[in-house]
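Data first, discussion second: the structure below is written as C-alpha cells.
Any read-out appearing in this document is the output of simple, stated calculations on the displayed coordinates, not a laboratory observation. Bear in mind that the values here come from a model prediction, so they are computed numbers and not experimental data. All Cβ positions, glycine included, derive from the backbone under ideal geometry; neighbour counts span all protein chains shown.
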Amino acid sequence: MGKQLSYLIIGNGITGITAAEILRSEDPASSITIVADDTFPVYYRPALKDYLGGKLNEEKLWARPNTFYKEQCIRFVPGRVMGINAAQNFVQLHNGQRIGYHKLLLANGARPRQLSCSGLNLAGVTTLRTVADYQEILRRLDRAKRIVICGSGTLALESAETLNHRGYMNFLHELAGRGVTITRFYAISATAEGSAILKQASFEERGQIGKRAVFELDPTTSLTRMAQAYRAVLKHHKV
C-alpha cells in the first residue's frame, strides 16, 4: 500500500477549491488541508457588484455549499501563511502554528494595493476585494453622499458604476507605479447616468514626478467603454 499523501493548498478561492475537488477525486485517501485568511466559502467575485447593487442576495454569492469541506473530507484552517520552509516541508501561520505537507499549492490570488498615506484605519475606509469589504460598504452606504474609489481595476470600475446607479456621486483616483502618476478624477452624476468616455487624453512631463495624465471626459457612453479607452491610451503612450 502506498504512502498517504498530504496536500496543502494556500487559498480558498475558485482555483484552490477546484484543485481540492480534483485532488479528492483522484486520490480519495489523501489528506487535504486548505489555509486561507478569508473565512467565507468560495464565492463568485464578479458577482460582488450585483450584491452591492442589491440585485443579488448574499446566499447567491457562494460557489459551493457551506457543507463543502465536510463532504469532501477537507480540513480548513483559518489563518495567514507567514513563511514557507520548502526544505522541511512546512508552512508557518501568523499564530506560530506549523502545518506540514508532501505537496504544496499556492492559490492565494491577489491582494488589493494599499495606499501609503495616513487615515487608512479611519471609519469608512475599506478595500474592494472580499465579501467582508462589500458588507462593510453596505453597512455604511445609507450615511454616504460622496464616495472616493482609488484604482481602476475591474472591481473598482464596476463598483463605481453600480454605486452611480444607486444615486451616489463617485470620484476615482488612480496612482500608477514606476515613477508615473496618473490622476483621473471624474464625477458621475445621475443626469449623465454615470457615463463617461475618454474624448481626449494627453500626458504632461512633470520633472522627477514622471507624467501626469490629463483627460477630457464626454458623458455619453459607459464606464466599461471608458476603461477600455483609458487602457488603450496608456498602452499607446507606454505608461
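Tabulated data for the structure shown
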read-out: Separation of alpha-carbon centers, the stretch 19-41 and the stretch 61-106, rounded to whole Å; value: 8 Å
read-out: For the stretch 6-106, the Rg and Dmax computed from alpha carbons only, in angstrom; value: 14.9, 49
read-out: Cut-off under 5 Å, modelled amide H: who pairs with Val77 long-range; value: Ile34, Val35, Ala36
read-out: Cβ crowding within 10 Å averaged over residues, with 93-99, 162-168, 31-37 ranked highest first; value: 31-37, 162-168, 93-99
